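S.K.: This is the structure, below, for whatever I ask next.
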Amino acid sequence: MSYSGAIKAKEARESLGRALAALQEDPNIPPDVLAVAQNIAKAVGALFEAERASSELDGKASVKNALGSLSQTLALLQDVRGQHGGIQTATETIAKAMSVLFPLTTVPSRAPSAPPPAAIPNAGPAPIPLSRPAAPPVPATTLDDGIARERFEANLGATTESNFYVGFSGEISQGGVFCATYNILPKGTAVRMLITLPGNLSTEVNGHVRFVRDPMDMTSDSEPGMGIGFDGLTAESRDLILRFIRKRPPMFYDE
């Protein structure tokens, strides 16, 4: 059995390979551009693994790894200071490749079906599952902007399910934080979020709930939680977030 997305993975890999070649044409490639090229190379390697994957789960995991490297690349491209002819080509190519790859990650993974369990005679009626109690509401706080915002804390680390995310622009201030949680706020809720990072670093930002992943959605293999989009970032918060992104690739979220 081969991965059903292998053809699209190959299409994206080949286009990224051309973008990588465009970046490497200059023998005096600046260090910041070189870092971008290395991330593209990682994505190319992950997509090659997707092409050769023998299962849907392995192929999908490789595509997600590639998207992570590409999301990180787009974010880093926003701060590339050196002038290089291949930057614009690379940016456009990465965005196109991500538009091809992202739909592959949203298809539910299907595990091999197992035969139904044999009926047990006289087993009696099936037990009624207990419902999960609703989380208590978080008190809203009206801040200087006059908007009542729910207080929320997001703890991000090297291996947490919670992570920053970016879109096709790659600009982190237009992205946000995916918070893996069962305490999900309604879509559109205004939030004042405390983001804690490794090294006892933290920053507070305003945002709103942009998307949710329902914990009761049995068709999804993604972690339940919500994506909180930034309502703008201060220069200090943006720099702190970019320092984290250089170490850990952000997620990709398409509106």
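The values are calculated or read from the model by the stated rules, or taken from the named source; none is laboratory data. Since this is a predicted model, take the numbers as computed values, not measurements. We place every Cβ from the backbone using ideal geometry, glycine too, and count neighbours over all the protein chains shown.
S.K.: Within the stretch 157-186, which residues are assigned to a loop (DSSP other than H, G, I, E, B) and not small (Gly, Ala, Ser)?
M.R.: Once the filter is applied, which keeps residues that are assigned to a loop (DSSP other than H, G, I, E, B) and not small (Gly, Ala, Ser), the stretch 157-186 yields THR159, THR160, GLU161, PHE168, GLU171, THR181, TYR182, ASN183, ILE184, LEU185, PRO186.
S.K.: Restricting to the stretch 221-250, count the residues that are within 15 Å of the chain's Cα centre (by Cα) and either modelled with pLDDT of 90 or more or more than 18 Å from PRO186 (Cβ to Cβ) (or both).
M.R.: So the answer is 18.
S.K.: Looking at the stretch 73-87, is at least one residue more than 22 Å from LYS247 (Cβ to Cβ), at pLDDT 85 or above and not assigned by TED's automatic domain parsing to the domain that holds GLY170?
M.R.: No, the conditions are met nowhere in the stretch 73-87.
S.K.: Only one of (1) modelled with pLDDT of 90 or more; (2) assigned to a loop (DSSP other than H, G, I, E, B); (3) within 28 Å of ALA46 (Cβ to Cβ) fails for SER109. Which number is that?
M.R.: It is condition (1) that SER109 fails.
S.K.: Please verify whether ILE195 is over 27 Å from the mean Cα position of the chain (by Cα), over 30 Å from GLY59 (Cβ atoms), surrounded by 15 or more Cβ atoms within 10 Å (Cβ to Cβ) and modelled with pLDDT of 75 or more, treating the condition exactly as stated.
M.R.: Spelling it out, it is not the case that ILE195 is over 27 Å from the mean Cα position of the chain (by Cα), over 30 Å from GLY59 (Cβ atoms), surrounded by 15 or more Cβ atoms within 10 Å (Cβ to Cβ) and modelled with pLDDT of 75 or more.
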